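Below is one structure, written out as structure tokens; the observations come after it.
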């Protein structure tokens, strides 16, 4: 009997925000897959461990999913890693791939899922609390009201045009572009056009909340989500 691949969202950082379904999927997985070679430094693993202590006794496959814009290198890496997972699934093992937040949003799991589906392997997505919902809750704000639109924006590109969209803008994956993004946000903030809040390490002991663009750190922050509300 062929196994199942689960894409399990563990939420933004607080183990108590993990769903009962995520906990069950982890317990039912024979093998846990992590997107980082050192499990002790893998945030998704550490979050899940807080809700499922027995996770530490499960078989773990830890592989480093490197961040690169080289499409050919990415494709080769994903195919290579997928072969490890595929072999175990064909042997009848259920695999649980842990992801921070939700597996359907900017997740490494997405690449593996496409390869598995192409091989007719059963895939089940287990949703998790998103970082932007966690950020809004931590900041005490609403993401949207009435007919207000919501836009999820990748901070990897030029966001100037996206900032002109109506409604709420959620900026993720800012990384090394944070200084440029911050500069544009400050300009609009000083003009009174927008209100900004951002959270680093949402739900973790190291959580930091920033209630203006000016206070956002200039250095690259992987685990930061920015919410931009339009004031007009």
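Quickly work out the residue 90-to-residue 187 label distance, labels modelled 7 Å from Cα along the C-beta direction, and quote it in nm with one decimal. About 5.4 nm separates the two model spin labels.
Distance between Cα centroids, the stretch 124-174 to the stretch 20-58: provide it in whole Å. Result: 27 Å between the Cα centres. Listed from fewest to most Cβ neighbours within 10 Å, the set 142, 74 follows the order 142, 74. For the stretch 131-230, the C-alpha radius of gyration sits at 0.97 times the compact-globule guess of 2.2 N^0.38 Å, with N the residue count. Taking the number of Cβ atoms within 10 Å of each Cβ as an exposure proxy, the fewest-first ranking of 132, 81, 210 is 210, 81, 132. Treating each Cα of the stretch 1-42 as an identical point scatterer and summing with the Debye formula, the log10 of I(q)/I(0) at q = 0.22, 0.25, 0.33 Å⁻¹ comes to -0.87, -1.04, -1.22. With semi-axes defined as the square roots of five times the eigenvalues of the C-alpha gyration tensor, the equivalent ellipsoid of the stretch 5-126 measures 21, 16, 13 Å, largest first.
No value in this document is a laboratory result; all are computed from the given coordinates. Bear in mind that the values here come from a model prediction, so they are computed numbers and not experimental data. So basically every Cβ, Gly included, is an ideal-geometry build from the backbone, and we count neighbours across all protein chains shown.
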